[in-house]
Amino acid sequence: MGSNVPSFVCRITKYDPADRDEHGSYIGAEDSTSDHGPVEAAYLQAIAAFAEDTGIDHLAIREPGISGLAHFGLEPTIDGHGLAGLFPPDLSGFHDGAEVPVSLGLELVRGMLRDNGAWCRLEVEDRFVVQVGWDQYLYVSSDKPCERAFARTRALGLFPERLEASPYDADFDEPGVQRPADEDFWARLRWSIAARQAAILEEGYLHNASRWHRLTEDTLDAVRARLTPRAQLTVWPDLSTDVDAVLAALPDDGSVEVVWEDKNGLITSTIADESEYPQLAAQVAGARAATALSLALDERNPLFTAVLPDSDGVLRARWRTEPTPSDRNWAFLKTLHRGQICTGTVTEIASFGVTFVDIGGFTAMINIPELSWRRFDHPSDVVAVGQEISAEILDVDLVRERVPLSLKALQEDPMPQFIQQVGQITNGVVTKVVPFGAFVRIEDREDGLEGLVHLIELTEGHLDRPEDVVQVGDSLTVKILDVDLPGRRIALSHLQALPPGER
């Protein structure tokens, strides 16, 4: 997710280094706001010179945001965040990865120097970076020394300084894997909508700016098609239709984010504290539904999150979402594959027979047929809670977040050995008598394989009840007639096992 930082870094300021105290703090007379005039123009000309020396004519907008989080000077933000005339009112085109000509990039720098409300990093990956810092400091990084631009900056009356690195270079190689909004994500989302778990999609299209979308199985594709490139996506359960109860439960102290859907279906959010509740109640009046979300990340509890990859499937946006339990499951499931052998601890044997196994923080499951090749009455005959087992992964279902396991896949199937014994005669014990015949255990062990002696193979002539010939516990000589591996059936005959004179 990170990129190489160009090696030649220059800090450009309007502050004379001679006017600094022993701690490096500026003590001169220059104002830390933009002059909207010659100094601002000099800054922009200096950046243009560095771009020309580097040989670039376009810049990519990176990590764009609006309002509240950046104060590059001391001026109040303005309507439109300083982007009016540069981008449409809905800010389409102002997004992470958007390419703009250097001339438009310079206008973005102008807006940041004036602290108008929008901010971003401008770069050509591995070649060129422009960052606006606090108090009218500019940082330009290039893969070239840019000696001419350095001299030009001095000639403009500014003070360029070589640095080892920009203090605004972020380390994007953070631990953990960011979940991409790939086809697995959309399949998971569609399934969650159908299961009535998910209903709302929050589209973070800029830092500090979101759009909200109601999701149905019918509208999901249309919502997906109009998302901003590289957006951060957060999936939420449905809003509460008891709007009065949501408002009544707002905290007495501190800020909270309130999300509501008006009678036209438009979903809006705002952050408010207790002093703004009366105004908020008026805003929300007549809403269909609402919810209140804590501003603390660990108390917000969305269902799952993701970031939109580029059209080639590569995730280049540098958002870091706070992983939900589902996101952590996804990251773990991506490390698994069908046929893999895993170890785990049996955590539960459900009343309906499924065995649940913890395989490293994720609960996988073993269905009854996958516990053993051999007959058993209850799963507890095969496994016990707390037991550590090894099993084979049958599938990794990223949509339902399920991992079925097989215990018997690691055991030898006892049945194939009997294929070689078809036609042979052996002794067995009658384990069950049923209306159509008797089951006989032909392996000398408690859970040994059984075969069926059909009614017509018990004795010659007509027989109404098998109990007239055999009882449970009887020893019976049988001939192995057939072994059906797919059907897991063994056909036996007592009649054909007898010498001709005894039939």
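Observations
- Inclusion of R374 among residues that are surrounded by fewer than 18 Cβ atoms within 10 Å (Cβ to Cβ), in a loop (DSSP other than H, G, I, E, B) and not aliphatic (A, V, I, L, M) is not warranted.
- The residue pairs whose first member lies in the stretch 220-240 and is more than 16 Å from T305 (Cα to Cα) and in contact (Cβ under 8 Å) with a residue 40 or more places away in the chain, whose second member is among the small types (G, A, S) and open to solvent by less than 20 Å² (accessible area, probe 1.4 Å), and whose beta carbons are closer than 7 Å, counting only pairs six or more residues apart or on different chains, are L239/A289; L239/A290; S240/A289; S240/A290.
- Residue that is surrounded by the most Cβ atoms within 10 Å (Cβ to Cβ) [pool: residues in the stretch 272-298 that are in a strand (DSSP E or B) and aliphatic (A, V, I, L, M)]: A290
- Boolean, S380 is of a type in the set (S, T, Y) and either under 31 Å from the mean Cα position of the chain (by Cα) or on the phi > 0 side of the Ramachandran plot (or both): no
- Put simply, of E63, E123, E99 the only residue that is among the charged types (D, E, K, R), in contact with a His (Cβ under 7 Å, 6 or more places away or on another chain) and touching a residue at least 60 places away in the same chain (Cβ under 8 Å) is E63.
- Close pairs from the stretch 20-36: first of a type in the set (A, V, I, L, M, F, W, C), partner open to solvent by less than 60 Å² (accessible area, probe 1.4 Å) and part of a loop (DSSP other than H, G, I, E, B), Cβ under 9 Å, at least 6 apart: I27/D21
- Top-ranked residue in the stretch 438-471 [being over 17 Å from V483 (Cα atoms) and within 59 Å of the chain's Cα centre (by Cα); ranked as surrounded by the most Cβ atoms within 10 Å (Cβ to Cβ)]: L455
- Taken over the stretch 341-367, the criterion of being at pLDDT below 95, open to solvent by 50 Å² or more (accessible area, probe 1.4 Å) and not aromatic (F, W, Y) is satisfied by S351, G360, G361.
- Flag if V357 is touching a residue at least 12 places away in the same chain (Cβ under 8 Å) and in contact with a His (Cβ under 8 Å, 6 or more places away or on another chain): no
- Scanning the stretch 419-428 for residues that are open to solvent by 40 Å² or more (accessible area, probe 1.4 Å) and assigned to a strand (DSSP E or B) yields I425, T426, N427.
- Looking across the stretch 478-495, the residues that are surrounded by 16 or more Cβ atoms within 10 Å (Cβ to Cβ), within 14 Å of E457 (Cα to Cα) and not basic (K, R) come down to V478, I480, L481, I490, A491, L492, S493, H494, L495.
- Residue list for the stretch 387-435, filter: among the polar types (S, T, N, Q) and under 30 Å from D182 (Cβ atoms): S406
- Residue match in the stretch 46-55 (condition: touching a residue at least 24 places away in the same chain (Cβ under 8 Å), open to solvent by 40 Å² or more (accessible area, probe 1.4 Å) and more than 26 Å from S311 (Cβ to Cβ)): yes
- A single entry from S34, S92 fulfils the requirement of being among the polar types (S, T, N, Q) and more than 41 Å from the chain's Cα centre (by Cα): S34.
- Neighbours by Cβ (under 7 Å, 6+ apart or cross-chain): first from the stretch 334-346, under 14 Å from G361 (Cβ atoms); second open to solvent by 90 Å² or more (accessible area, probe 1.4 Å): T343/E388; T345/E388
- Among the residues listed as V5, V9, the single one being under 46 Å from the mean Cα position of the chain (by Cα), of a type in the set (V, I, T), over 17 Å from D115 (Cα atoms) and open to solvent by less than 50 Å² (accessible area, probe 1.4 Å): V9
- Filtered residues of the stretch 388-418 (kept if surrounded by 13 or more Cβ atoms within 10 Å (Cβ to Cβ) and outside any loop (DSSP other than H, G, I, E, B)): I389, A391, E392, I393, D397, R402, P404, L405, S406, K408, A409, F418
- Any hit, the stretch 313-326, residues being under 30 Å from I368 (Cβ atoms), surrounded by 13 or more Cβ atoms within 10 Å (Cβ to Cβ) and touching a residue at least 24 places away in the same chain (Cβ under 8 Å): yes
The values are calculated or read from the model by the stated rules, or taken from the named source; none is laboratory data. Treat the numbers as computed from the prediction; the structure is a model and nothing was measured. Note that we place each Cβ from the backbone using ideal geometry, even for glycine, and neighbour counts take in every protein chain shown. Just so you know, the surface numbers come from the protein's heavy atoms only, side chains and all, with ligands and any DNA or RNA stripped out. Shrake-Rupley method; radii C 1.70, N 1.55, O 1.52, S 1.80 Å.
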